[in-house]
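Only one structure is covered here, and it is reproduced in the block below.
Here, each number is a calculation from the coordinates, and none is a lab measurement. Small disclaimer: the values here were computed from a predicted structure and weren't measured. Cβ: placed from backbone, ideal geometry, glycine included. Neighbour counts: every protein chain shown.
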Amino acid sequence: AQSVAQPEDQVNVAEGNPLTVKCTYSVSGNPYLFWYVQYPNRGLQFLLKYITGDNLVKGSYGFEAEFNKSQTSFHLKKPSALVSDSALYFCAVRDMLKYGGSQGNLIFGKGTKLSVKP
Amino acid sequence: GAGVSQSPRYKVAKRGQDVALRCDPISGHVSLFWYQQALGQGPEFLTYFQNEAQLDKSGLPSDRFFAERPEGSVSTLKIQRTQQEDSAVYLCASSPALMPNTEAFFGQGTRLTVV
């Protein structure tokens with residue numbers, strides 16, 4: 001079965017410090033991986049995606065993610081955290097077992113709450 | 001509109017009542033997904049439309065849930081005889097293409113509370 005795991009329910013970081021939000025995945029074949037952010041009472045906002053190519057993917061708001069095939073991980077990172085980065089972060093993988101390889105639904109992790117303190 | 005629009009934003013229903021949740025996707029987007037997000041959980045897939053065709057409804061939790069997209073644009077998720085376990089945020093997402101590398105754009109969701 002295809003799945004995504006976010007092992008940390010919460011990550012606490014001081015403003016200005018680097019942050020990492022962890023994600024591991026289990027898929028059949030090549031993964032299509034995504035990170036989304038959710039602010040309170042808001043929908044999910046797309047941050048970045050890995051499809052193929054460079055293992056380091058750059059996205060919105062200064063975030064980046066590192067794809068590691070051997071460790072089946074796709075950790076979200078930012079060199080210097082801001083208080084405004086505090087939110088709920090979701091890792092997701094495209095379900096590629098459906099529809100003959102065209103667009104399947106996303107399978108989400110449980111989410112990681114990021115708290116950045118001044 | 002500029003993004004995916006969902007209405008109502010909040011809905012309180014008495015147990016046993018029927019509800020209808022609306023999703024206005026981004027104009028021209030082919031794919032439309034519905035997800036259910038329980039408190040403290042990640043979104044879980046409910047159903048998928050490609051234009052007006054409902055290609056996948058494997059995530060619908062019971063036959064009380066029904067979705068439609070008759071003209072390939074606006075979609076409605078209907079829940080009959082609501083139960084307390086239906087309380088959740090219902091998210092709609094759309095995307096412009098049928099390629100797996102295309103990100104989905106989410107609406108703000110409808111928070112359903114069944115009392």
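General remarks:
- Bridgeable lysines around B:LYS14 (alpha carbons under 19 Å apart, same-chain partners fewer than 8 residues away excluded): B:LYS78.
- For the protein assembly as shown, the alpha carbon convex hull comes to 123 Å³ per residue, rounded to a whole number.
- By DSSP, the beta bridges lying fully in chain B are antiparallel in about 90 percent of cases.
- Amide H to amide H distances under 5 Å link A:PHE67 with A:LEU56, A:VAL57, where only residues 5 or more positions off or on other chains count and H is placed in the peptide plane.
- When +1 charges are put on Lys and Arg Cβ atoms and -1 charges on Asp and Glu Cβ atoms, the dipole computed for chain B relative to its Cα centre reaches about 460 debye.
- Percent breakdown of C-alpha pair distances by 10 Å bin, ordered from the shortest bin, for the stretch B:5-114: 16, 51, 28, 5, 0
- Annotation: amide H of B:ASP56 within the under-5 Å range of B:TYR48, sequence separation 5 or more or interchain, hydrogens built in the peptide plane.
- Here A:MET96, B:MET99 are placed in order of increasing Cβ neighbour count within 10 Å, fewest first, which gives B:MET99, A:MET96.
- Panel order for A:TYR39, A:TYR89, by other beta carbons found within 10 Å of each beta carbon, from fewest to most: A:TYR39, A:TYR89.
- Eligible lysines near A:LYS77 by straight Cα distance, threshold 25 Å, same-chain separation 8 or greater: A:LYS22, A:LYS49, A:LYS58, A:LYS69, A:LYS110, A:LYS113, A:LYS117
- √(5λ) per eigenvalue of the Cα gyration tensor, the stretch A:3-117, largest first, Å: 24, 15, 12
- Only beta bridges with both residues in chain A are counted; by DSSP, about 85 percent of them are antiparallel.
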